[in-house]
1. Yes or no: Lys9 farther than 23 Å from Ser147 by Cα and in contact with a strand residue (DSSP E or B) (Cβ under 8 Å, 6 or more places away or on another chain)?
2. Check Glu109, Glu101 and return the single one that is under 17 Å from Leu134 (Cβ atoms) and of a type in the set (Asp, Glu).
3. Just for the range 37-54: of the residues that are among the polar types (S, T, N, Q) and closer than 18 Å to Leu92 by Cβ, which one is surrounded by the fewest Cβ atoms within 10 Å (Cβ to Cβ)?
4. Only one residue in Gly77, Gly89 is modelled with pLDDT under 95, touching a helix residue (DSSP H, G or I) at 6+ places or on another chain (Cβ under 7 Å) and over 28 Å from Gly158 (Cα atoms). Which one?
5. What number of residues within the range 1-19 satisfy the criterion of being surrounded by fewer than 18 Cβ atoms within 10 Å (Cβ to Cβ) and either modelled with pLDDT of 95 or more or among the aliphatic types (A, V, I, L, M) (or both)?
6. Find the residue count for the range 36-83, including only residues that are of a type in the set (D, E, K, R), over 24 Å from Asp126 (Cα atoms), out of contact with any Pro (no Cβ under 8 Å at 6 or more places or on another chain) and free of Cβ contacts under 8 Å to residues at least 60 places away in the same chain.
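The values are calculated or read from the model by the stated rules, or taken from the named source; none is laboratory data. Worth saying up front: this structure is predicted, and the values here are computed from it rather than measured. Glycine also receives a Cβ, built like all others from the backbone with ideal geometry; neighbour counts cover every protein chain displayed.
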Amino acid sequence: MELTTIATKIGSFAPDFKLLATNGQVISLSDFRGKTNVILFFIRETSCIQCRIHVAHLGKMYEQFREAGAEILVVLGEDVEKSKKYANGLHLPFPILCDPERAVYHLYELEKHFILLQRTASLVIDKDGIVRYLKKTTITNVWLQESRELYGFVLSLGS
């Protein structure tokens, strides 16, 4: 069952998408279905310090997440060049997915709040494509402890 939009909530089916990644590949969420859990994180803006800290922490914990049975997908609302600069600056072991039109942000109902503040979200999507964890916010300081919380949640799902 493929959806074009969702009322994103725990237990809902995560809609599929395809985006160009900073490594040149086109990556879709369905590439991971039946294989591994997915941590999906939407960066608010490249200037968001808390998002940057969270993404860097995900990068440092990448092997732990993979061993726990999860792949990390990070979406940035920028073109490939700006996204590459962001990823290279953080020395990330995974590519950043480029969403310059923010179509996937809209698909996951992450429109800007009061037209100015980009909503951000962190999700865990299980092997079957079901949202099992969801945290949406416009207040980005929640990401400062998020990596450990995500890791604990992924461990609870089992491999």
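1. no
2. Within the list Glu109, Glu101, the selection yields Glu109.
3. Of everything passing the filter in the range 37-54, Ser47 is surrounded by the fewest Cβ atoms within 10 Å (Cβ to Cβ).
4. Sole residue among the options that is modelled with pLDDT under 95, touching a helix residue (DSSP H, G or I) at 6+ places or on another chain (Cβ under 7 Å) and over 28 Å from Gly158 (Cα atoms): Gly77.
5. Total meeting the criteria: 6.
6. Our first condition is that a residue be of a type in the set (D, E, K, R); within the range 36-83, this holds for 44-45, 52, 60, 63, 66-67, 71, 78-79, 81-82.
Next cut, over 24 Å from Asp126 (Cα atoms) only: 45, 52, 78-79, 81-82.
Next, from what is left, pick out any that are out of contact with any Pro (no Cβ under 8 Å at 6 or more places or on another chain): 45, 52, 81-82.
So of that shortlist, the ones also free of Cβ contacts under 8 Å to residues at least 60 places away in the same chain come out as 52, 81-82.
Count: 3.
Results for (1) small (Gly, Ala, Ser); (2) surrounded by 18 or more Cβ atoms within 10 Å (Cβ to Cβ), shown as yes or no for each residue.
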residue	(1), (2)
Ala56	yes, no
Val75	no, yes
Lys82	no, no
Leu97	no, yes
